[in-house]
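The values are calculated or read from the model by the stated rules, or taken from the named source; none is laboratory data. None of these values were measured; they are calculated from a predicted model. Because the Cβ atoms are built from the backbone with ideal geometry, glycine has one as well, and the counts that use them run over all protein chains shown. Just so you know, the surface numbers come from the protein's heavy atoms only, side chains and all, with ligands and any DNA or RNA stripped out. Shrake-Rupley method; radii C 1.70, N 1.55, O 1.52, S 1.80 Å.
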Amino acid sequence: MDAETTWSLRPATAEDVEAVAELKAVVMRDDLVRLGRYDTHRVRQRLRDEFRPEHTSVVEVAGAFAGCVAFAPDKGGEGLCLAHFYLAPEVQGRGLGTAVLRELLARADAASVPVRLVVLQGSAARRLYEREGFTVESEDPVDVLMVREPVLTSSRSTTTSAPPSPRSPSGSSGRWSS
């Protein structure tokens with residue numbers, strides 16, 4: 001890849017479900033095997049059952065599918081839930097995950113709402129989330145529930161606003177060093 005690569009988020013469609021299910025199976029395999037939880041059919045079917053295109057964005061790098069992320073209202077309470085954040089192995093470890101996550105967290109911060117997520121015990125992704133301010137809320141032998149409270153800035157409006165859309169209507173984009 002180039003020293004600096006362009007990425008973007010585009011709204012997911014129902015047609016993206018199989019590409020996303022396959023990506024999940026690839027990137028989650030090692031952690032699920034380590035935890036004794038890998039089932040080649042179940043890992044894909046669970047994604048298909050939970051896939052909500054209206055809350056999902058596809059990550060594209062140089063116009064090609066490179067991952068996905070869901071960012072939806074938290075069913076358990078106030079704030080947003082980040083889920084199904086998967087990047088293709090060939091783009092991992094180069095700052096893209098950090099760039100995408102920071103974009104989403106900026107939206108939550110603008111609305112002054114917390115973000116929750118679940119990460120598998122022992123997953124390398126946990127380090128990314130901790131670097132970006134997530135803390136452990138609870139955990140069990142398989143899952144770690146993490147939360148990040150909004151970062152308030154002095155330029156924040158004092159008016160209350162609705163939670164941010166999981167994705168902006170026109171999508172998001174940026175550059176990251178690879």
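Assess whether A83 counts as being open to solvent by less than 60 Å² (accessible area, probe 1.4 Å) and in a strand (DSSP E or B). Here the answer is yes, as A83 does meet what is asked. The number of residues in region 86-122 being assigned to a loop (DSSP other than H, G, I, E, B), within 20 Å of L47 (Cβ to Cβ) and open to solvent by 30 Å² or more (accessible area, probe 1.4 Å) comes to 2. Here the condition is being of a type in the set (D, E, K, R) and in contact (Cβ under 8 Å) with a residue 60 or more places away in the chain; of E130, E137, E103, E60, it holds for E103 alone. Of the listed requirements (1) buried (at least 18 other Cβ atoms within 10 Å of the Cβ); (2) aliphatic (A, V, I, L, M); (3) in a helix (DSSP H, G or I), V33 misses just one: (1). Scanning for something within 25 Å of P150 (Cβ to Cβ), open to solvent by 20 Å² or more (accessible area, probe 1.4 Å) and modelled with pLDDT under 95, does region 1-18 turn up at least one residue? The answer is no; no qualifying residue exists. Here G95, G36 are screened, and the one residue that is of a type in the set (G, A, S), within 14 Å of the chain's Cα centre (by Cα) and at positive phi is G95.
Checked against (1) surrounded by fewer than 16 Cβ atoms within 10 Å (Cβ to Cβ); (2) modelled with pLDDT of 95 or more; (3) not in a strand (DSSP E or B), F65 meets all criteria but (3).
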